[in-house]
Structure formats: structure tokens, C-alpha cells
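Asks: Please find one structure pasted underneath; my questions will follow.
The values are calculated or read from the model by the stated rules, or taken from the named source; none is laboratory data. Being a predicted model, the structure only gives us computed values, none of them experimental. Cβ sites come from the backbone with ideal geometry, for glycine too, and all protein chains shown count toward neighbours.
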Amino acid sequence: MQNVLAVRDGNATSSVSGLSTAADGDQSKVVRVRQLCDDIQSILPVNYITAEVRSRLQRLGALQPINAFLRREIDQMQPLISTVSECVVSLRQFVDGQSVYDDALMEVFNAIHDAKVPQAWTKVYFLFFT
């Protein structure tokens, strides 16, 4: 009965892909996060293929200092690129209602909405860059 009264009074909440959203406020939050996910995906580099990178660096001279530096940088960046890409794809699926609620996804959702770096990305960064 309370649900019927809430719908009648305009105070109903709807479930958008696992998020309990009040009429317009949180709905715009979902739209904003969806836009930010699209923006992140559009600027995120593609995953490097390790064998391909190594063979190209071999052709350029594996013992050259610049190539050793590039290989190290790529080896450090790849886990972060993969993590960010997987998180953004999972979050997009979550927002679109294609996956279920997860505490980790909710943390990423809130962090992206609040213009903060998600904890999962920070962990990967510190693991490979320090």
C-alpha cells in the first residue's frame, strides 16, 4: 500500500540497474556517470599486445636504452590500462542494467561521479608504479 501511495504522491523510487533512484536527482547522476564512462573509454588507449610490443622493440634494438625504457613503461602502464578499461566497461553495463549490484562497482560509480580516482585504480597504480 505504501508503494501505491508513493507513486500517487510522486515520491516513488525506481530501480535503475541496481541503483535506488529518486525521481530526477539520482537519475541525472546515472546519466552523468554514463557520459563520463563514454568519455573515459574514448580517450583510453587500447591494451598492448605483449608479444607484438616485444617483437617491435627487438627489431628496433632491444639493448638500446630508450627501448628498455619504453618496454618498462609499457609493462607498468598495461595493468593500469586494463584495470581502468575493465572497470569502465563493468560500470557501463551496471548503469545500463546489464549486470548486478556490486559494492566495488558502487564505489567506482560514486568516485567517478564525485570526480575522484576510484580506489581500485589507485591500488593498481601504487602496485606497479612505486
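Asks: Can you work out which of the residues in region 17-44 that are outside any helix (DSSP H, G or I) and at pLDDT below 85 is surrounded by the fewest Cβ atoms within 10 Å (Cβ to Cβ)?
Replies: Kept after step one, since they are outside any helix (DSSP H, G or I), are these residues of region 17-44: 17-24, 44.
Now drop any that are not at pLDDT below 85, which leaves 17-24.
Values: Ser17: 20, Gly18: 15, Leu19: 19, Ser20: 10, Thr21: 16, Ala22: 11, Ala23: 11, Asp24: 8.
For region 17-44, the residue satisfying everything is Asp24.
Asks: Going residue by residue through region 64-78, is there one that turns out to be out of contact with any strand residue (DSSP E or B) (no Cβ under 8 Å at 6 or more places or on another chain) and more than 21 Å from Phe129 (Cα to Cα)? Reasoning before the result, please.
Replies: Filtering region 64-78 down to residues out of contact with any strand residue (DSSP E or B) (no Cβ under 8 Å at 6 or more places or on another chain) leaves 64-78.
From the residues that got through so far, the ones that are more than 21 Å from Phe129 (Cα to Cα) too are 64.
Yes, region 64-78 contains at least one residue that is out of contact with any strand residue (DSSP E or B) (no Cβ under 8 Å at 6 or more places or on another chain) and more than 21 Å from Phe129 (Cα to Cα).
Asks: Could you check, for region 60-70, whether at least one of its residues is without any contact (Cβ under 8 Å) to a residue 60 or more places away in the chain and under 20 Å from Trp121 (Cα atoms)? Don't jump to the end; show me each part of the working.
Replies: From region 60-70, those without any contact (Cβ under 8 Å) to a residue 60 or more places away in the chain are 60-70; that's our starting set.
Narrowing further to those that are under 20 Å from Trp121 (Cα atoms): none.
Among the residues of region 60-70, not one is without any contact (Cβ under 8 Å) to a residue 60 or more places away in the chain and under 20 Å from Trp121 (Cα atoms), which makes the answer no.
Asks: Let me spell it out: the conditions are (1) more than 30 Å from Arg34 (Cβ to Cβ); (2) in contact with a Cys (Cβ under 9 Å, 6 or more places away or on another chain); (3) of a type in the set (Phe, Trp, Tyr), and Phe69 meets all of them except one. Which number is the exception?
Replies: Every condition holds for Phe69 apart from (2).
Asks: Oh, and also: Quick check on this structure: which one of Ser55, Ser82 is farther than 17 Å from Phe129 by Cα and not hydrophobic (A, V, I, L, M, F, W, C)?
Replies: Values: Ser82 fails: farther than 17 Å from Phe129 by Cα.
Checking each option against the conditions leaves just Ser55.
Asks: Something else now. Could you tell me which of the residues Tyr101, Tyr125 is outside any helix (DSSP H, G or I), touching a residue at least 24 places away in the same chain (Cβ under 8 Å) and of a type in the set (Phe, Trp, Tyr)?
Replies: Values: Tyr125 fails: outside any helix (DSSP H, G or I).
Tyr101 is the lone residue from the list that is outside any helix (DSSP H, G or I), touching a residue at least 24 places away in the same chain (Cβ under 8 Å) and of a type in the set (Phe, Trp, Tyr).
Asks: Restricting attention to region 80-105, which residues are hydrophobic (A, V, I, L, M, F, W, C) and closer than 17 Å to Ile40 by Cα? I'd like the intermediate steps shown before the answer.
Replies: Residues of region 80-105 that are hydrophobic (A, V, I, L, M, F, W, C), as a first pass: 80-81, 84, 87-89, 91, 94-95, 100, 104-105.
Of everything in region 80-105, those that are hydrophobic (A, V, I, L, M, F, W, C) and closer than 17 Å to Ile40 by Cα turn out to be Leu80, Ile81, Val84, Cys87, Val88, Val89, Leu91, Phe94, Val95, Leu105.
Asks: Does Ile66 qualify as being surrounded by fewer than 11 Cβ atoms within 10 Å (Cβ to Cβ) and at pLDDT 90 or above? Write out each step before concluding.
Replies: Numbers: surrounded by fewer than 11 Cβ atoms within 10 Å (Cβ to Cβ): yes; at pLDDT 90 or above: no.
No.
Asks: May I ask you to verify whether Val53 is of a type in the set (A, V, I, L, M), within 14 Å of the chain's Cα centre (by Cα) and surrounded by 15 or more Cβ atoms within 10 Å (Cβ to Cβ)?
Replies: No: the conditions fail for Val53.
Asks: Let me ask another. Is it the case that region 70-85 has a residue that's outside any helix (DSSP H, G or I) and among the acidic types (Asp, Glu)?
Replies: So far as region 70-85 goes, no, none of its residues is outside any helix (DSSP H, G or I) and among the acidic types (Asp, Glu).
Asks: Can you name the residue in region 82-103 that is modelled with pLDDT of 90 or more and among the aliphatic types (A, V, I, L, M) and, of all such residues, is surrounded by the most Cβ atoms within 10 Å (Cβ to Cβ)?
Replies: Leu91
Asks: With the structure loaded, tell me whether Val108 is surrounded by 13 or more Cβ atoms within 10 Å (Cβ to Cβ) and in contact with a Pro (Cβ under 8 Å, 6 or more places away or on another chain) or whether it fails that test. Let's see the steps before the verdict.
Replies: Working: surrounded by 13 or more Cβ atoms within 10 Å (Cβ to Cβ): yes; in contact with a Pro (Cβ under 8 Å, 6 or more places away or on another chain): yes.
The answer is yes for Val108.
Asks: What is the number of the single condition among (1) more than 33 Å from the chain's Cα centre (by Cα); (2) closer than 29 Å to Gln93 by Cβ; (3) at pLDDT 85 or above that Asn47 does not meet?
Replies: Checking Asn47 against (1) more than 33 Å from the chain's Cα centre (by Cα); (2) closer than 29 Å to Gln93 by Cβ; (3) at pLDDT 85 or above, the one that fails is (1).
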